[in-house]
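K.L.:
I am attaching a structure below and will ask some questions about it afterwards.
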Amino acid sequence: MTAAMRQIAAELAVPSDDARLLQLTNNAVFALPEAKLVIRIARTHRLHDRVAKVTNLARWFAAINAPTIRLAPVAQEPIAVGGILASVWTYVPSTPPAPTADDLGEALREFHSFPAPPIALPKWDPIGDARRRLADAEGLRQDEHDFLSRWCDRLEPQVATLMRQTPSGLVHGDAHVGNLLREPSGRVVMCDFDATCLGPWPVDLAAVAVGEARFGGAGSHARLAAAYGIDITSNPIWPILREARELKMIAAATPLLASSSAVATEFRRRIRSVQDNNHEARWKPFADLGKLPSHQLPIS
């Protein structure tokens with residue numbers, strides 16, 4: 001990934017000596033502060049369609065002045081290096097104060113006011129995502145596979161009904177404070193549109209509420225709800241959104257069970273709490289386990 005980043009920087013004729021790795025998950029994300037660029041490299045060819053989607057979205061966001069990060073003027077299209085595909089963005093330096101749940105609520109309210117873009121976007125499909133994770137699972141016991149499959153079977157018609165009965169709109173797909181940046185002007189912008197799709201907009205209000213319920217802490221959801229103007233936990237569709245988010249947070253770990261005992265332990269803690277219908281059980285973020293390289297960590 002570093003070699004690819006250096007090659008892209010050379011093609012753009014920009015310096016990369018000060019490059020630093022910001023993230024290494026499905027994408028390798030490098031900041032090049034001197035060049036005022038961020039290079040985001042998809043780590044597998046299976047994500048190439050996502051790179052095209054994200055760059056198409058970014059150009060549309062710029063046209064409507066959405067509260068989002070911008071593609072770099074020097075590279076408005078994806079750049080290919082061998083079998084690797086990358087997008088290049090304008091660098092946003094760290095500017096205090098750090099974004100908050102209040103900022104997220106305001107950004108989402110504006111984001112959800114936009115019409116569906118003139119771009120082919122996937123539909124929100126939490127069940128399909130979970131089933132794809134199960135297909136890649138390693139170290140998953142048969143009883144666990146059966147439980148998760150039955151969960152998908154049970155939740156799938158509820159999600160289908162929700163999709164039919166709720167107006168479809170633009171969904172960020174991974175709306176949390178970590179996907180906000182504050183520009184030097186003070187404006188807060190959103191980033192990371194890999195999961196952006198069309199579906200029920202309340203999906204974007206569930207991540208913070210579920211995170212607070214499962215990981216502890218207090219106040220973030222209330223601030224988000226106040227800023228946005230809606231408390232999703234009081235909505236009749238909340239139980240479905242909560243289950244869909246929790247299914248994603250559990251299924252995300254299944255490809256890693258064989259390679260990390262820490263992930264396997266936490267995965268089984270989460271499974272038991274759902275089997276016991278224990279909404280008070282607290283989970284540990286996978287990122288806090290401290291026993292996996294950052295590029296192997298599943299979401300949340």
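Here, each number is a calculation from the coordinates, and none is a lab measurement. In this text, all values refer to a predicted model and were calculated from it rather than measured experimentally. Cβ: placed from backbone, ideal geometry, glycine included. Neighbour counts: every protein chain shown.
K.L.:
Using each residue's phi in the stretch 40-46, evaluate 6.51 cos²θ - 1.76 cosθ + 1.60 at θ = phi - 60° and report the 3J(HN,Hα) Karplus result to the nearest Hz, with x for Gly and Pro.
P.N.:
Using θ = phi - 60°, the values come out as 10, 10, 6, 8, 8, 5, 5 Hz.
K.L.:
Under 5 Å between amide hydrogens, which residues at least 5 positions from residue 68 or on another chain qualify, with H placed 1.01 Å from N in the peptide plane?
P.N.:
190
K.L.:
Using modelled backbone amide H atoms (1.01 Å from N, in-plane), which distant-in-sequence or interchain residues come within less than 5 Å of residue 22's amide H?
P.N.:
Placed amide hydrogens put 29, 30, 31 under 5 Å from residue 22.
K.L.:
By counting other Cβ atoms within 10 Å of each Cβ, how are 150, 187 ranked from fewest to most? Walk me through the numbers on the way to the answer.
P.N.:
On the way: 150 10, 187 13.
Ascending number of Cβ neighbours within 10 Å: 150, 187.
K.L.:
For every helix of n ≥ 4 consecutive DSSP H residues, a contribution of -39,500 (n - 2.57) applies; sum these over the chain, divide by its total residues, and give [θ] at 222 nm rounded to the nearest 500 deg cm²/dmol. Walk me through the numbers before you get to the answer.
P.N.:
Numbers: 9 runs with 123 residues, N = 300.
Here the helix-only value at 222 nm equals -13000 deg cm²/dmol.
K.L.:
Which cross-chain or sequence-distant (5 or more) residues have an amide H under 5 Å from the amide H of residue 92, H modelled 1.01 Å from N in plane?
P.N.:
none
K.L.:
Same structure, new question: Which one, 100, 181, 168, is farthest towards the positive end of the dipole of the stretch 36-188 when Lys and Arg carry +1 and Asp and Glu -1 on their Cβ?
P.N.:
Positive-most Cα among the choices belongs to 181.
K.L.:
While we're on this one: Put +1 on the Cβ of every Lys and Arg and -1 on every Asp and Glu Cβ in the chain; which of 249, 112, 51 then has its Cα farthest towards the positive end of the dipole?
P.N.:
Highest projection toward the positive end goes to 249.
K.L.:
Determine the dipole magnitude for the stretch 101-296: charges of +1 sit on the beta-carbon of Lys and Arg, -1 on that of Asp and Glu, nothing else is charged, the reference point is the Cα centre, and the result goes in debye to the nearest 20.
P.N.:
Working: 23 positive and 26 negative charges, 64 e Å.
Once rounded to the nearest 20, the dipole reads 300 debye.
K.L.:
For the stretch 66-71, just list the computed ³J(HN,Hα) in residue order, Karplus coefficients 6.51, -1.76 and 1.60, θ = phi - 60°, integers in Hz, with x standing in for Gly and Pro.
P.N.:
Ordered by residue, 3J(HN,Hα) equals 5, x, 9, 5, 10, 4 Hz.
K.L.:
Residue-wise, which Karplus ³J(HN,Hα) couplings in Hz belong to the stretch 16-23, taking 6.51 cos²θ - 1.76 cosθ + 1.60, θ = phi - 60°, and x for glycine or proline?
P.N.:
3J(HN,Hα) across the stretch 16-23, in whole Hz: 9, 4, 9, 4, 9, 7, 8, 7.
K.L.:
Here's a follow-up. Roughly how big is the stretch 2-90's charge dipole about its Cα centre, with Cβ charges of +1 (Lys, Arg) and -1 (Asp, Glu), in debye to the nearest 20? Kindly include the intermediate steps, with their values, before the conclusion.
P.N.:
Working: 10 positive and 6 negative charges, 65 e Å.
With Lys and Arg at +1 and Asp and Glu at -1, about 320 debye.
K.L.:
To make sure I understand, if each residue's beta carbon is the centre and we count other beta carbons within 10 Å, what order do 43, 133 fall in, fewest to most? Before the final figure, lay out the partial values.
P.N.:
Working: 43 15, 133 20.
With the sparsest Cβ surroundings first, the list reads 43, 133.
K.L.:
At a 10 Å Cβ-Cβ cut-off, how would you order 279, 48, 176, fewest neighbours first?
P.N.:
Numbers: 279 11, 48 15, 176 18.
Lowest to highest Cβ neighbour count: 279, 48, 176.
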